[in-house]
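The values are calculated or read from the model by the stated rules, or taken from the named source; none is laboratory data. Every value quoted in this text rests on a predicted model; they were computed, and no experiment measured them. Because the Cβ atoms are built from the backbone with ideal geometry, glycine has one as well, and the counts that use them run over all protein chains shown. All accessible areas refer to the heavy atoms of the entire protein, side chains included, with ligands and DNA or RNA removed. Shrake-Rupley method; radii C 1.70, N 1.55, O 1.52, S 1.80 Å.
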Amino acid sequence: MSDREPRFNRIHLEPLSPHVGVEIAGVDLAQPIEAETLDEIRQAFGRFGVIFFRDQQLTPDQHVGVAERFGPININRFFSAVPGYPMIAEVRKEPEQTRNIGGGWHTDHSYDTVPALGSMLYARQVPLTGGDTLFASMYAAYDALSVGLKKTLEGLRACHSSRHVFGAEAMVQRGDLAGRHGNAELATQDAIHPVVISHPETGCKALYVNPGFTLRFEGWTVEESRPLLDYLYQHAVRPEFTCRFRWRAGSLALWDNRSTWHFALNDYHGERRLMHRVTIEGSPLH
Ligand code: SIN
């Protein structure tokens, strides 16, 4: 880290890669978090886009309480909730199921007009091997583009949607995922966002399109948009912009939906993986 980067006295950081992902040691999230410690956690979140904590013992109420330190909770309208906890979405795959939730590069809630700040995923049960999650930094992806392409993208906005993922037609093709997603009738909203955003907290520029939910550039057809989107998608996941997190039961991740993408690997058939996800409200993107 350079001299201009934040200094950390309360927490110990172990970066997973230069651009994205850091493990934070020395914090028990079940205990009240002091303001100075929370401030350093927020700094690490801004710098690395996704932060990880190991060996946490959290009840569902404590999980929600930790998430609320980062902002109000956004109740996900498509995922099944943990019984008794509407604020906690279940990310579940049973041994007999073949499809997983989040098994492709995406960022959560880009289909909302005010997309979520972040998602806090807590591992309750994980397979013996597999089920890792990949993350990619959209700061690094943007920074590495040529000056010419940056200029082209600056003026563009893109259309995002949930219809093709959570809508009624999509459900027909979703196989055994259908039981874990619901409310297809609510997948009616499209959202338009800048293709390059200035991050609301860090002020840094990030690429804000993603393979999961972006349909096309505003004013362009889907066919016209496809080649440039495809270029951006393969560029954005260059290995040096990514990290890979290996879960253990009790691991907790908080990722920034404005500056990262993620991809849940589906390589653990025959085993259960059960995660609890709380989503945090964001602010309009510019
Ligand atoms: C998700 O996309 O929210 C799920 C990520 C994961 O299960 O690792």
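Label separation (Gln173 vs Arg10): 4.8 nm, computed from points 7 Å beyond Cα along the C-beta direction.
Given axes a ≥ b ≥ c from the Cα gyration tensor, I'd like to know whether the stretch 134-236 is rounded (a/c under 1.5), prolate (a/b larger than b/c) or oblate. Prolate. For the pair Glu218 and Asp132, a Förster radius of 25 Å applied to the C-beta separation gives a FRET efficiency near 0.10, rounded to the nearest 0.05.
Normalising the average separation of contacting C-alpha pairs (under 8 angstrom, six or more residues apart) by the number of residues puts the relative contact order of the stretch 78-212 at 32 percent. Per residue, the convex hull spanned by the alpha carbons of the chain comes to 127 Å³. Stretching Val147 away from Ala81 to a fully extended chain increases their span by 19.3 nm, per 0.36 nm per residue minus the current alpha-carbon distance.
Within the chain, the longest run free of trypsin sites (Lys or Arg not before Pro) that sit in a DSSP loop with at most 10 other Cβ atoms within 10 Å is 8-247. Per residue, the accessible area of the chain comes to 43 Å², computed with a 1.4 Å probe over protein heavy atoms only.
Run through the stretch 32-111 and list the GluC sites (Glu not before Pro) located in a DSSP loop whose Cβ has at most 12 other Cβ atoms within 10 Å. In loop regions of the stretch 32-111 (DSSP not H, G, I, E or B), the sparsely surrounded GluC sites (Glu not before Pro) are Glu34, Glu96. Beta-bridge orientation, the stretch 12-280: approximately 95 percent antiparallel, per DSSP, counting only bridges with both partners inside.
Taking the protein heavy atoms of the chain in the context of the full set of protein chains, the accessible area attributed to carbon and sulfur is 52 percent at 1.4 Å.
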